[in-house]
Amino acid sequence: MNVTIVSDVFGEQNNGTTITIKRLIDGLEKRKHNVKVISTFNSSNDNFITLQRRNFGIFDKFINVKNGVELAKPNESKMIDVIKESDIVHIVLPFKTGVVASKICLRLGKPFTTAFHCPPEVISGQLGLQNFEPLNSYLYKRFYKKLYSKANRIHCPTLFIANQLKKHHYKKLNYVISNGVSDFFKKKFVDKPENLKDKFVVLYIARYSKGKKHKTLLDAVKYSKYRDKIHLILAGKGPEKDKLIKYVKKNKINATFGFYNSDELLDIINYSDLYVHPSEIEVESISCLEAIACGLVPVISNSKKSATSQFALSYNNLFINSDSQDLSKKIDYWLENPQIKDKFSKKYVEFAKQFNIDKCIDKMIEMFKDEIEDFNNVKNKY
């Protein structure tokens, strides 16, 4: 197949959407499909069609700089040239470029599918309004009207997302397919660095942004009766980094901040003792999947706006959303019960196998083929 992926967000692998798209591209190419990507990503590779980024005037610094999000400015002539040669177009995000891509597909008579990777709460959360339901409801309606109502199929990374769409009256076929975890992430023995030999290492992988709730974890360590024994590794990048570092120094919390490549991250996951995921809003969380695939036991927020709680295998794998004291108790529990933690480590390795990336890519291809078949059946009737 000739597959075209349309996404505003694609580039440096510091966010879940980019990582998801990259793995989808790799999986499709591994199966000998031809893939082109329309985004703001700048590359000399002819398979990447580069669009200029949108300028938001007085809000540009907040959107494109502070939050590290580059939304594409549609270029219809460029997009038409690619889409007209496509067998299927997959639109990842419901912003202007995706909307224009859907209109081009309808005009040219090309089948397309969509994905739901950006819940409205992610947008409202940037304003501190993630719990303001009138705004979230408005955005759900707007996304549906502008894009999803025109599509037949929506890729939902989790059942949680599929249920959210049903709740907001999205009357389309929802394909629940995990974003998947690569075979690269697996359990192996790694020695702790010398300076961490006597520490209980707690890992969290996420962008340094408000919605990821790093401060909930920092406060949990502050409340722990073992705070001097715990060392945090906060892996990521983002606009809140300086504030978090300042908070760590002020409260004398043992923590390391850094952005790591895949090899480094694999080692860190495998020498860590516990993974904590306090994020309030998640479509799935690739980072948590990667951690549990290596047998790292998680403690996850039970937020009603996060799908990641699906990975909890017991009461002690969940904590009350934004409640640092409850999280502190759960961290202390796993620190005090290493034998139970070892048993759960083995359970998690087995549990994670259902999210194998190859299985997920095959399901995505099945969705593409279903759309092409239905499209051709309708087309042949007339």
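What to note about this one:
- Residues that are part of a loop (DSSP other than H, G, I, E, B) and either among the aliphatic types (A, V, I, L, M) or assigned by TED's automatic domain parsing to the domain that holds G295 (or both), drawn from the range 133-177: L147, A151, I177
- Condition check for I91: touching a residue at least 12 places away in the same chain (Cβ under 8 Å), touching a Gly at 6+ places or on another chain (Cβ under 7 Å), of a type outside the set (K, R) and within 25 Å of R53 (Cβ to Cβ): yes
- In this entry, N152 passes the filter for residues that are touching a strand residue (DSSP E or B) at 6+ places or on another chain (Cβ under 7 Å) and over 25 Å from N15 (Cα atoms).
- Residues of the range 187-206 satisfying the condition of being buried (at least 21 other Cβ atoms within 10 Å of the Cβ) and out of contact with any His (no Cβ under 9 Å at 6 or more places or on another chain): L203
- On the stretch given as the range 269-286, residues that are surrounded by fewer than 24 Cβ atoms within 10 Å (Cβ to Cβ) and part of a helix (DSSP H, G or I) total 2.
- Test result for A101, within 28 Å of Y138 (Cβ to Cβ), under 21 Å from the mean Cα position of the chain (by Cα) and in contact (Cβ under 8 Å) with a residue 24 or more places away in the chain: no
- Pair list, Cβ < 6 Å and 6+ apart or interchain, from the range 39-55 residues that are assigned by TED's automatic domain parsing to the domain that holds E76 to residues that are exposed (fewer than 13 other Cβ atoms within 10 Å of the Cβ) and at pLDDT below 90: T50/N42
- Residue match in the range 199-210 (condition: part of a loop (DSSP other than H, G, I, E, B), under 26 Å from D342 (Cα atoms) and over 27 Å from the mean Cα position of the chain (by Cα)): yes
- Criterion violated by K304 - all others in (1) modelled with pLDDT under 95; (2) part of a helix (DSSP H, G or I) satisfied: (2)
- Taken over the range 153-190, the criterion of being closer than 17 Å to P119 by Cβ and aliphatic (A, V, I, L, M) is satisfied by I154, L159, I161, A162, L165, V176, I177.
- Qualifying residue in the range 275-292 (condition: assigned by TED's automatic domain parsing to the domain that holds H117, out of contact with any strand residue (DSSP E or B) (no Cβ under 7 Å at 6 or more places or on another chain), closer than 30 Å to F112 by Cα and hydrophobic (A, V, I, L, M, F, W, C)): no
- Among the residues of the range 312-353, those identified as part of a loop (DSSP other than H, G, I, E, B) and either hydrophobic (A, V, I, L, M, F, W, C) or within 24 Å of L218 (Cβ to Cβ) (or both) are A312, L313, I320, N321, S322, D323, N337.
The values are calculated or read from the model by the stated rules, or taken from the named source; none is laboratory data. Worth saying up front: this structure is predicted, and the values here are computed from it rather than measured. Neighbour counts run over all protein chains shown; Cβ positions are idealised from the backbone, glycine included.
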